[in-house]
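Notes for the one structure printed next.
The values are calculated or read from the model by the stated rules, or taken from the named source; none is laboratory data. This one's a predicted model, so the numbers in the text were calculated from it and none came from an experiment. Don't worry about glycine lacking a Cβ; one is built from the backbone with ideal geometry, like all the others, and counts go over all protein chains shown.
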């Protein structure tokens, strides 16, 4: 493939912007984000846009740093995209002159971001400009940008200059800083068209090198360099190509300057077409694994693929120390921290489409286990208590205070203190990964230690009531509106599952004897502990009314006052707390997101269908969906209950949550957990997938507008194609 062939493809794989949208520049930058698992870049324009709403940023997965008196975050990397273009003395700037034609599109099939512009400068001269970029899926350290300029009705000088400069510090959660995350950079440019910039993060001491190789092409001639002044005629096309490499290393290591320069120079020598071909081939291979095809509305197919593309391209490389945050590598919100949604909403997708990627995500949790141990010890518990928000150490990075967005007054944030359920979410996700892959090496080498240490935490976390039952007091579930609650249903059920799973693993006769003995010795695990885990699990309070089937979300929840359903269902783009007030929000029966509903999906075998129906009917009308995780969870649950019309409504909201900016925050980055929830809704919801047995099964329940739902997955190393219609599912082994 060459630059001319990279035209808009099948519209079911393409997101298109056909006109300038000055008021929503950050929104489009999020939508047009690109990533390859190591590097992520927002879809900002290549030309400088000072003073606008634009937020041009590039990030590296797992590269954290901390400013003084602040929290760890993913800092923006050096700016490598900015291109200064001067056309016959007039700087290219879409805010000036006239935009005669504008098209920008994300070609998801090939993993390309493209823009075509015909611009008339203030002096009336017209120029065609074309831009193409990609974050290489064939070599994740490499990103490529090509800029093509062709005067249409003028001759004169064309000036092109490619920047490579240090970034400003991005705004974080309600704070600004003039301090840079990086030390003063060393840089060098050479006559052969290569340059490099080497720096180091200030607090984490990690070296970072950004190296580039640049060349201009005009009239069949190749000219190396970053800055050019060229004489051009009408119809003459000139290109500026750049090949950029981003490499980091361990704390206090020497900067990998030589390697970065070599990769960039090698890419330049191979040429643009060769890099494009390799990237597109890797992208095609990705689609062979992840695509979910529907025989239905083209706009729905396009939205499905948008969510899958943005999620799949965020997966870290094997061996990398990284996971995926709520906004991925598309924005600064949540500072790149890792939450529970990485395991509950995103990991299932990778377990069945990219098992090695799923293993990498779970290895992140093993490598942060020491931080979880530190948190448990600091809080007076045993074992490991996973951080609600974590970065590169596993220590708690959730802020304790944040400013009120309206008054500026500090608000106490309790999530890091009370949301203990993440400690069970991690081993639960590992169990689902093992069911999908059969990866016994991971089970014995990594998972067992996590299971035992988290079970130890839960055994020490409970309190005994007068009846001898085990309670989990002063906690918070996924709902998040209700804090300091007792016996939260989601937390207690997952804790029980965790305790029993750890005890079963301890007793598993397949556990290699030498590995088992070594782990027991290293953890100083006593023979009576698994029995204690079983006893705590047997006596743990589970707020389930056997007669009605209703699960009380937490102690006393169903005794709270109800908010008018008309208020909860009215169209709005503001949080419910801004409608009914903070006091009523925390006192009434109103949920931020699915809690019992998602619990009964995760532990579906614990509940009969009647109970799942009763709880869906009870909690769905009381849910505000103020979390982006909520609508996909309800789509999934409704589909598994056979309530297809209701499931379709929720799926539509999940599909277009970012594309239509339904919650008004897409400008801050894409909602990556929702993208995982979309896949869960399609595959485990409408297709009715089950992986409980030796091979996958499916019980499809398709929307009326779909005639077919087809996807591929990998189960225990074997690929399967699952083709669903209203008549059932055909499951075949794929080559």
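The helices (runs of 4 or more DSSP H) located wholly in the range 608-657 that include 1 or more residues which are within 14 Å of residue 673 (Cα to Cα) and touching a strand residue (DSSP E or B) at 6+ places or on another chain (Cβ under 9 Å) occupy 630-640. For residue 189, indicate whether it is at pLDDT below 95, buried (at least 16 other Cβ atoms within 10 Å of the Cβ) and over 27 Å from the mean Cα position of the chain (by Cα). Considered against the rule, which asks whether it is at pLDDT below 95, buried (at least 16 other Cβ atoms within 10 Å of the Cβ) and over 27 Å from the mean Cα position of the chain (by Cα), residue 189 comes out as yes. The number of residues in the range 256-285 being closer than 23 Å to residue 310 by Cβ and either in contact with a helix residue (DSSP H, G or I) (Cβ under 6 Å, 6 or more places away or on another chain) or outside the structural domain of residue 64 (by TED's automatic domain parsing) (or both) comes to 1. Tell me whether the range 184-196 contains one or more residues that are closer than 24 Å to residue 59 by Cβ and part of a helix (DSSP H, G or I). The answer is no, given that none of the residues of the range 184-196 is closer than 24 Å to residue 59 by Cβ and part of a helix (DSSP H, G or I). Considered as a group, the residues in the range 229-243 that are closer than 15 Å to residue 129 by Cβ and under 39 Å from the mean Cα position of the chain (by Cα) include one that is surrounded by the fewest Cβ atoms within 10 Å (Cβ to Cβ), and that residue is 237. For the range 610-622, the set of residues classified as touching a helix residue (DSSP H, G or I) at 6+ places or on another chain (Cβ under 9 Å) and surrounded by fewer than 23 Cβ atoms within 10 Å (Cβ to Cβ) consists of 611, 612, 616, 618, 620, 621, 622, listed by residue number. Could you name every one of the strands (runs of 3 or more DSSP E) located completely within the range 672-735 that has at least 2 residues being in contact (Cβ under 8 Å) with a residue 60 or more places away in the chain and under 30 Å from residue 339 (Cα atoms)? Passing ranges, in order: 709-715.
Examine the range 420-436 for a residue that is under 21 Å from residue 329 (Cα atoms) and crowded, with 17+ Cβ neighbours inside 10 Å, and state whether such a residue exists. No, the range 420-436 has no match at all. Within the range 544-581, being in contact with a helix residue (DSSP H, G or I) (Cβ under 9 Å, 6 or more places away or on another chain) and within 17 Å of residue 483 (Cα to Cα) holds for 552, 553, 554, 557, 558, 560, 561, 576, 577.
Before we move on, is residue 391 under 20 Å from the mean Cα position of the chain (by Cα) and over 28 Å from residue 537 (Cα atoms)? Against the criterion (under 20 Å from the mean Cα position of the chain (by Cα) and over 28 Å from residue 537 (Cα atoms)), residue 391 qualifies. Only one entry of 303, 248, 253, 312 meets the criterion of being in the same structural domain as residue 127 (by TED's automatic domain parsing), touching a residue at least 40 places away in the same chain (Cβ under 8 Å) and crowded, with 17+ Cβ neighbours inside 10 Å, and that entry is 248.
With respect to the conditions (1) more than 14 Å from the chain's Cα centre (by Cα); (2) closer than 24 Å to residue 454 by Cβ, residue 342 lacks only one, and its number is (1). For residue 266, the conditions (1) within 27 Å of residue 187 (Cβ to Cβ); (2) in contact (Cβ under 8 Å) with a residue 12 or more places away in the chain all hold with the exception of (2).
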